[in-house]
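Every read-out reported here was derived from the displayed coordinates using simple, explicitly stated rules and does not represent laboratory data. In this text, all values refer to a predicted model and were calculated from it rather than measured experimentally. Please note: Cβ atoms are built from the backbone with ideal geometry, for glycine as well, and neighbour counts cover all protein chains shown.
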Amino acid sequence: MCAAAASIKKGSERLTYDRSAKVVTYRSDKSEGPTAGTDTVDPLEFLARVLVHIPDKGQVTRRYYGWYANRPRGMREKAVPAATDGPSAIVPAPRLAPTKATRRWAAAGGPPCSNRSSRSTRPD
């Protein structure tokens with residue numbers, strides 16, 4: 001809770017509203033770069049700039065990209081050699097041809113839900 005209050009206080013120091021001039025002034029905490037300095041805009045323009053960052057209802061946003069994305073993480077994990085003192089790697093079972101898989105199901109008595117297909121779901 002204290003961290004949130006400190007964040008609000010820090011943000012309010014950077015953002016001011018001048019009622020007489022009807023302008024919003026944002027002061028950056030950076031000393032260099034494209035976002036350094038101050039920016040004074042109309043209140044509606046400031047609100048429009050803030051609302052651009054809020055996604056529409058139902059819009060999917062990308063949470064992880066770059067270094068933290070799944071694909072680069074997986075590539076980094078594959079590039080690092082496996083530790084020899086840790087647990088052994090899980091070896092996936094070999095993929096069977098459909099005919100061999102079908103024979104195994106038949107030998108085992110068929111799939112566990114095979115009897116559901118013969119039942120009628122309509123009321124009598």
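Determine by what factor the alpha-carbon radius of gyration of segment 1-78 differs from 2.2 N^0.38 Å, reporting the quotient.
Scaled against compact globular proteins, the figure is 1.57.
Once you place label points 7 Å from the Cα toward the Cβ at residue 106 and residue 53, how far apart are they in nm?
With each label point 7 Å from Cα toward Cβ, the separation is 6.4 nm.
How much net charge surrounds residue 71 when only other residues with a Cβ under 13 Å from its Cβ are counted (Lys, Arg +1; Asp, Glu -1)?
That works out to +3.
For segment 1-78, with only Lys/Arg (+1) and Asp/Glu (-1) charged at the beta-carbon, what is the dipole magnitude about the Cα centre, in debye rounded to 20?
Dipole of segment 1-78, to the nearest 20 debye: 520 debye.
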